[in-house]
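Asker: Sharing a structure, written as structure tokens. Questions coming.
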Amino acid sequence: MKSLLLLLIILGFISASIDALNLPTQRTYSINWNDSPRYINSNTVFIQQTDMSIYVSYDGGFIFAPLKIANNVVKAVEIIIDPINPSYVLLKGQNTATSVTLYRSVDGGQNFQTSQMTYPLSRITPHPVKTQYLVAHSFAKAYYSTDFGLSWQQAFAGSQLYSQMGIGIVPVWDTQNSTMYALLKSTGGVGTLVSSGDFGKTQTTLLPNAVNMIASNNYIYVGTYDKTNGDLDLFVRSLQNPVTNDAGGFVECEFPFGEDLQPNDYRIIDDNSNAIWLGVVLKQASHWGSMYVSDITGSQYTSVLPHVNLGQVYDFTPFYGVSGVFIANNLTNWQSDPTKPTAVQTLISYDNGGDWSTLTQPADMPCTNGCSLNVHGVSAFADNNRGYGPFYAIPNAPGVAIATGTVNPILSSQPNQKLIKTFLSRDTGQTWTKIFDTGSIYEFGNYGNFIVLADCLQDTNVIYYSIDGGSTFQSVNLTYTYDIINIVTASDNSGMKFILLAQDSNDNGVIITMDFTGVGYPTCTTTDYMNVNITGKTSNGCILGEISTYNMRKPSSPCLVDIAPFSSTSVTCDCTVDDWECDLGFTEVVSNSTTLVCGVDPQYTSPTNQPTDCPAGGNKTVSNGYRLVPGTQCTNGVSYLYAPSIVPCPGSQKEKSKGWIAAVVIIVILVVLGGVGFYIYKNPILMEKVRKLVGYNRGPKYSVVGFKPNSLADDEFGIEDDDAQILNDNDLQDNF
């Protein structure tokens, strides 16, 4: 009894201490924001208005003022940050037909130097691993800079870039060396893929008939088109582990599509987990797509999920912070009239898409008849008529996620709003707790240990915050009532300053800044930490063949950490059936926790020629119908049952597949990253290529299209990126 009394006294003391804390400070600005803030570093933040004028904060996003140079407010359509050294910042003004103004900073946006270029520049792209290197295009010419925009030189001089709709395809960098890849204009309305290590002075031809190209930090994607037989193909090159062949490491993709399938839309979803996730929309479908995943080379694809919900984006996202875990909303009424409300079921995979299971409902929310927890995806947030907080996880809080949804057999696109709650998971989605009794929009601070949220179902003048993982919330009142669209903070989620993107009763843009640093929470001590094993719902608890242990703050400790969670140990697991999946051309016959049997897929047509990465006199692996899940670290175990055979290479010829139908669409739509996590959505640095195409944007809306080479326009049209609107596939008569 004395122990219980002591515990109650301690808990009462903690509660009283929290209640006695200071209130956060706040400011409100009439800034008609166009997009999410751009965090240059922990101190400097830019916000762009709808008229392209720039506001800046130098205190981490609390006090904002117009950015002025020579007493003139700066207007910029692009904000470019050096990914290696963020001290280098470049603002690009609006192009004219013959010039563009650049504003260059070498001190993280504190001061700017203005320069006037005598030609327009578009799609300025920094080198992913080499500081100060930039590449851009000016109509059909490529330019590069090695001093972050202070001076520019023409690349591939004497050649013209291949373009689509008058927009040049910008060269891309190799992340491992100084090689640059470019599509150069050739005869017949197509381009030629070339590589160069000296900015185009010398060139190596890699692929003919190329019509589009784009790159991530992991892969380069190139689409080709053969006018003679109408073949459209996708080639990929892994930047981490490229193959050795006569096409510079580019390998043609193979897909298990049957002859009766008519794909309409292709989107690259994610390529950060040692595999490429690809969404495919068929002609008869408009609100769902099928999900495919590649092997580690990015060239061979197998089917994963058949009916993933598709709004502006796919409801399919990585569980950031834990590699190999994905969340998806699969349509249960995919055959229904697309004008009717959709019904989805939320699924989670712990083995890179090999197996999927529903989310377990909170223990205190019983429900029968096949109930589970179903949560909103990014498409619900992107829909201006809904705006529900979607599933959200961040890299610096492994295993932690927050979401809105309902406990029911399905989640409707028109749900009963009284049933929508806010939920939190701290064990990589294995269990969930209701933390807020309505739908909300939210953000993490202090590496996931601090939560700020607001009601997303109605206008509000109250903001809530929690230091104990949502067990308790404190509130702070705003001066007026607003529609809170989003809450953002620095991209590493380390700080305690937040920016609320809102609209007033007249739909005018407003930002509210809140600073919780002076609230008075103590700094955590050694006793406030615990070891957390990152496990999943697999047969042995391992995720991609290992169990990692992180040093993280106890949820019940009301204190602030000063370092991100770090992995203290990692244990490699024996391979189980969870680490194997059916290879290209095979499909599951039996799959459970102990057995995997794959049989020949009757819809698959095998290529007739040999791959280029099998040199004469060498050896190659031949699949027995199985392949390791990309990214798994497991060893031994059941691998002897599924491992491929090793056979001699018969020769070296170019690989050819009939599986690909409309590769150009994929390459174009890669720009919009068809399915993105809310973490990407909140982070404009990562959303640089997609911020006007996906998500809540107060500027004009854009959509995407795939088209045959030069079917709509060419260089003569002079359409610049700043003003070009890429039309939807359905707007064209000449489409796939």
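Asker: Kindly provide the set of residues from region 187-203 that are among the hydroxyl-bearing types (Ser, Thr, Tyr), without any contact (Cβ under 8 Å) to a residue 40 or more places away in the chain and within 16 Å of residue 222 (Cα to Cα), ordered by number.
Answerer: Our first condition is that a residue be among the hydroxyl-bearing types (Ser, Thr, Tyr); within region 187-203, this holds for 187, 192, 195-196, 202.
If we keep only those that are without any contact (Cβ under 8 Å) to a residue 40 or more places away in the chain too, we end up with 187, 192, 202.
Passing the criteria: only 192.
Asker: Sticking with this structure for a sec: For region 458-469: of the residues being in contact (Cβ under 8 Å) with a residue 60 or more places away in the chain and either part of a strand (DSSP E or B) or in contact with a strand residue (DSSP E or B) (Cβ under 8 Å, 6 or more places away or on another chain) (or both), which is farthest from residue 439 (Cα to Cα)? Full working, then the answer.
Answerer: First, pick out the residues of region 458-469 that are in contact (Cβ under 8 Å) with a residue 60 or more places away in the chain: 465, 467-469.
From what's left, either part of a strand (DSSP E or B) or in contact with a strand residue (DSSP E or B) (Cβ under 8 Å, 6 or more places away or on another chain) (or both): 465, 467, 469.
On the way: 465: 15, 467: 19, 469: 17 Å.
Among those residues, the one meeting the criterion is 467.
The rows are residues; the columns are (1) part of a loop (DSSP other than H, G, I, E, B); (2) of a type in the set (Ser, Thr, Tyr); (3) within 22 Å of residue 313 (Cα to Cα); (4) modelled with pLDDT of 85 or more.
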{"position": "200", "(1), (2), (3), (4)": "yes, no, no, yes"}
{"position": "221", "(1), (2), (3), (4)": "no, yes, yes, yes"}
{"position": "259", "(1), (2), (3), (4)": "yes, no, no, no"}
{"position": "266", "(1), (2), (3), (4)": "no, yes, yes, no"}
{"position": "275", "(1), (2), (3), (4)": "yes, no, yes, yes"}
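Asker: Counting only residues that are among the β-branched types (Val, Ile, Thr) and assigned to a strand (DSSP E or B), which one in region 296-318 is farthest from the chain's Cα centre (by Cα)? Don't jump to the end; show me each part of the working.
Answerer: Pass one, region 296-318, residues among the β-branched types (Val, Ile, Thr): 296-297, 302, 304, 308, 313, 317.
Applying the additional criterion that residues be assigned to a strand (DSSP E or B) yields 302, 304, 308, 317.
Details: 302: 21, 304: 19, 308: 16, 317: 7 Å.
Only one residue fits best here, namely 302.
Asker: Can you work out which of the residues in region 402-430 that are assigned to a loop (DSSP other than H, G, I, E, B) and under 24 Å from residue 459 (Cβ atoms) is nearest to the chain's Cα centre (by Cα)? Walk me through it before giving the result.
Answerer: Let us first name the residues in region 402-430 that are assigned to a loop (DSSP other than H, G, I, E, B), namely 409-410, 413-416, 420, 426-430.
Applying the additional criterion that residues be under 24 Å from residue 459 (Cβ atoms) yields 413-416, 420.
Numbers: 413: 23, 414: 26, 415: 27, 416: 30, 420: 26 Å.
Checked region 402-430; the qualifying residue nearest to the chain's Cα centre (by Cα) is 413.
Asker: In addition: Of 268, 296, 348, which residue is of a type in the set (A, V, I, L, M) and surrounded by fewer than 21 Cβ atoms within 10 Å (Cβ to Cβ)? Quick ask: steps written out before the conclusion?
Answerer: Working: 268 fails: surrounded by fewer than 21 Cβ atoms within 10 Å (Cβ to Cβ); 348 fails: surrounded by fewer than 21 Cβ atoms within 10 Å (Cβ to Cβ).
Criteria check complete, one pass: 296.
Asker: So for region 572-580 (the condition being surrounded by fewer than 16 Cβ atoms within 10 Å (Cβ to Cβ) and touching an Asp or Glu at 6+ places or on another chain (Cβ under 7 Å)), does at least one residue qualify? Talk me through it step by step, then tell me what you get.
Answerer: Step one: of region 572-580, the residues surrounded by fewer than 16 Cβ atoms within 10 Å (Cβ to Cβ) are 572, 574.
The next check asks that each one be touching an Asp or Glu at 6+ places or on another chain (Cβ under 7 Å); those that pass are 572.
Yes, the conditions are met somewhere in region 572-580.
Asker: State all residues of region 530-547 that are in contact with a Ser or Thr (Cβ under 8 Å, 6 or more places away or on another chain) and not polar (S, T, N, Q); if no residue qualifies, say none. Steps first, please.
Answerer: Keep residues of region 530-547 that are in contact with a Ser or Thr (Cβ under 8 Å, 6 or more places away or on another chain), which gives 531-547.
Across region 530-547, the qualifying residues are 532, 534, 536, 537, 541, 542, 543, 544, 545, 546, 547.
Asker: Hey, among 354, 370, 399, 321, which residue is part of a loop (DSSP other than H, G, I, E, B), closer than 30 Å to residue 598 by Cβ, out of contact with any helix residue (DSSP H, G or I) (no Cβ under 7 Å at 6 or more places or on another chain) and not hydrophobic (A, V, I, L, M, F, W, C)? Outline the logic, then answer.
Answerer: Numbers: 354 fails: out of contact with any helix residue (DSSP H, G or I) (no Cβ under 7 Å at 6 or more places or on another chain); 399 fails: closer than 30 Å to residue 598 by Cβ; 321 fails: closer than 30 Å to residue 598 by Cβ.
After ruling out the rest, the residue left standing is 370.
Asker: Considering only region 179-198, state which residues are surrounded by fewer than 19 Cβ atoms within 10 Å (Cβ to Cβ) and not in a helix (DSSP H, G or I). Explain how you work it out, then say what you get.
Answerer: From region 179-198, those surrounded by fewer than 19 Cβ atoms within 10 Å (Cβ to Cβ) are 179, 186-189, 196-198; that's our starting set.
Residues satisfying the conditions are 179, 186, 196, 197, 198.
Asker: Looking at region 373-396 only, could you name the residues that are assigned to a loop (DSSP other than H, G, I, E, B) and over 17 Å from residue 326 (Cα atoms)? It would help to see each step written out before you state the result.
Answerer: Looking only at region 373-396, we keep the residues that are assigned to a loop (DSSP other than H, G, I, E, B), and these are 376-377, 383-391, 394-396.
Result: 383, 384, 385, 386, 387, 388, 389.
Asker: Follow-up question, since we're still on this one. Quick one: residue 293 ticks every box in (1) modelled with pLDDT of 85 or more; (2) under 15 Å from residue 325 (Cα atoms); (3) out of contact with any Leu (no Cβ under 9 Å at 6 or more places or on another chain) bar one, so which box is it?
Answerer: (3) is the only condition that residue 293 fails.
Asker: So which residues in region 84-111 are in a loop (DSSP other than H, G, I, E, B), buried (at least 20 other Cβ atoms within 10 Å of the Cβ) and over 28 Å from the mean Cα position of the chain (by Cα)? Write out each step before concluding.
Answerer: So in region 84-111, the residues in a loop (DSSP other than H, G, I, E, B) come out as 84-88, 93-99, 106-111.
In the following step, the residues that additionally are buried (at least 20 other Cβ atoms within 10 Å of the Cβ) were identified as 88, 93, 95, 109.
Answer for region 84-111, where residues must be in a loop (DSSP other than H, G, I, E, B), buried (at least 20 other Cβ atoms within 10 Å of the Cβ) and over 28 Å from the mean Cα position of the chain (by Cα): just 95.
Asker: Being surrounded by 15 or more Cβ atoms within 10 Å (Cβ to Cβ), at pLDDT below 90 and aromatic (Phe, Trp, Tyr) narrows it down to one of 586, 566, 516, so name that one. If you could, list the steps in order and put the result at the bottom.
Answerer: Values: 566 fails: surrounded by 15 or more Cβ atoms within 10 Å (Cβ to Cβ); 516 fails: at pLDDT below 90.
Going through 586, 566, 516 in turn, the sole match is 586.
Asker: Now for a different question. Sort out which residues of region 589-604 are of a type in the set (Val, Ile, Thr), in a strand (DSSP E or B) and either surrounded by 14 or more Cβ atoms within 10 Å (Cβ to Cβ) or touching a residue at least 40 places away in the same chain (Cβ under 8 Å) (or both), and write them in order of number.
Answerer: Of the residues in region 589-604, the ones of a type in the set (Val, Ile, Thr) are 589-590, 594-595, 597, 600.
Those still in the list that are in a strand (DSSP E or B) too: 589-590, 597, 600.
Within region 589-604, just 597 meets the criteria.
Asker: Of a type in the set (Asp, Glu) and surrounded by fewer than 20 Cβ atoms within 10 Å (Cβ to Cβ): is that true of residue 174 in this structure? Outline the logic, then answer.
Answerer: Values: of a type in the set (Asp, Glu): yes; surrounded by fewer than 20 Cβ atoms within 10 Å (Cβ to Cβ): no.
Considered against the rule, which asks whether it is of a type in the set (Asp, Glu) and surrounded by fewer than 20 Cβ atoms within 10 Å (Cβ to Cβ), residue 174 comes out as no.
Asker: Testing residue 61 on (1) in contact with a Lys or Arg (Cβ under 9 Å, 6 or more places away or on another chain); (2) in a strand (DSSP E or B); (3) surrounded by 15 or more Cβ atoms within 10 Å (Cβ to Cβ), one condition comes back false. Which one is that?
Answerer: All conditions are met except number (2).
Asker: Now a separate question. Can you tell which of 67, 21 is modelled with pLDDT of 95 or more, in contact with a Gly (Cβ under 9 Å, 6 or more places away or on another chain) and among the aliphatic types (A, V, I, L, M)? If you could, list the steps in order and put the result at the bottom.
Answerer: Values: 21 fails: modelled with pLDDT of 95 or more.
Only one candidate passes the filter, namely 67.
Asker: Return only the number of the condition from (1) crowded, with 19+ Cβ neighbours inside 10 Å; (2) closer than 28 Å to residue 542 by Cα that residue 388 does not satisfy.
Answerer: (2)
Asker: What residue, among those in region 437-491 that are in contact with an Asp or Glu (Cβ under 7 Å, 6 or more places away or on another chain) and among the hydrophobic types (A, V, I, L, M, F, W, C), is nearest to residue 520 (Cα to Cα)?
Answerer: 452
The values are calculated or read from the model by the stated rules, or taken from the named source; none is laboratory data. Here the structure is a predicted model, which is why all the values come from computation and not from measurement. With ideal geometry, Cβ positions are generated from the backbone for all residues, glycine too; neighbour counts draw on all protein chains shown.
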